[in-house]
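A short write-up of the structure that comes next.
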Amino acid sequence: MRTAICPGSFDPITLGHLNIIRRTAKIFDHVVVCIMKNSTKTSPMFSVEERTDMVKRACVRYENVTVESSDILLAEYAKRFEKPVIVKGLRAASDFEYEFQMDLINKNINPKLETMFLTASGKYTFLSSSVVREMAKYGADLTGLVPQELIEEIEEKARQWRNNNG
Ligand code: ADP
């Protein structure tokens with residue numbers, strides 16, 4: 001069985017992420033979406049538990065997708081799978097430079113680990129979790145940016161943020 005790992009911070013999951021997960025699930029037998037705890041990104045909007053729960057709900061319709069979280073290096077985490085492949089989405093040249101560097105580092109730690117890239121769907125090339133967080137904080141409409149069933153929860157979190165920071 002060939003497993004793909006889709007890693008990220010998913011703070012929160014966007015339709016851009018979901019597009020990559022869905023396409024990966026069509027190619028591989030099994031997809032593990034891995035919510036990384038030790039991301040360099042500081043002060044996340046959602047806790048790892050909240051992010052994991054949101055990703056699980058967004059992916060519930062994909063039978064071969066499971067969701068986990070990890071607080072160890074991705075290259076170490078991947079060692080538990082036989083022939084794992086990391087699948088990442090590429091939005092722009094800036095993504096590529098970063099991902100190229102990460103792949104070299106990962107291969108140093110785990111030489112068996114391969115990384116594959118899917119190009120972002122045209123309508124999501126501008127979309128990132130940070131765009132969603134920013135828009136939510138200003139009370140903008142999140143329709144078409146994140147899974148519909150998560151909008152209320154993200155808006156509520158943004159309201160709390162405004163109350164604490166406004
Ligand atoms: P972000 O950059 O939005 O904070 P993550 O760190 O959670 O997202 O990214 C996880 C993976 O998802 C990365 O490989 C990233 O390139 C990919 N990704 C994020 N947003 C998109 C998008 N809109 N289209 C395609 N891939 C994406």
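The values are calculated or read from the model by the stated rules, or taken from the named source; none is laboratory data. Because the structure is predicted, anything quoted here is derived from the model rather than measured. Here Cβ is always computed from backbone atoms with ideal geometry, including for glycine, and neighbour counts include all displayed protein chains.
A compact table of results
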quantity: Members of the stretch 26-42 found to be assigned to a loop (DSSP other than H, G, I, E, B) and modelled with pLDDT of 95 or more, listed by number; calculated: 28, 29
quantity: Residue, surrounded by the most Cβ atoms within 10 Å (Cβ to Cβ), within the stretch 78-93, restricted to residues that are within 18 Å of the chain's Cα centre (by Cα) and more than 10 Å from the ligand (Cβ to nearest atom); calculated: 78
quantity: Count of the stretch 127-166 residues which are within 16 Å of the ligand (Cβ to nearest atom), over 15 Å from the mean Cα position of the chain (by Cα) and assigned to a loop (DSSP other than H, G, I, E, B); calculated: 3
quantity: Residue pairs meeting the criteria (Cβ under 6 Å; at least 6 apart or on separate chains; first closer than 22 Å to residue 11 by Cα, in the stretch 56-82; second exposed (fewer than 14 other Cβ atoms within 10 Å of the Cβ)); calculated: 71/38; 75/109
quantity: Pair list, Cβ < 8 Å and 6+ apart or interchain, from the stretch 142-166 residues that are free of Cβ contacts under 8 Å to residues at least 12 places away in the same chain to residues that are outside any helix (DSSP H, G or I); calculated: 151/142; 151/143
quantity: Residue under evaluation residue 107, criteria (1) within 11 Å of the ligand (Cβ to nearest atom); (2) surrounded by 14 or more Cβ atoms within 10 Å (Cβ to Cβ); (3) at pLDDT below 95, criterion not met; calculated: (1)
quantity: Pairs with Cβ under 6 Å, 6+ apart, first in the stretch 1-25 and modelled with pLDDT of 95 or more and outside any strand (DSSP E or B), second β-branched (Val, Ile, Thr) and near the ligand (Cβ under 9 Å from one of its atoms); calculated: 10/35; 14/132; 24/87
quantity: Residue in the stretch 21-38 that is surrounded by 21 or more Cβ atoms within 10 Å (Cβ to Cβ) and of a type outside the set (A, V, I, L, M, F, W, C) present; calculated: yes
quantity: Options 43, 69: the member that is touching a strand residue (DSSP E or B) at 6+ places or on another chain (Cβ under 9 Å) and either at positive phi or within 13 Å of the ligand (Cβ to nearest atom) (or both); calculated: 69
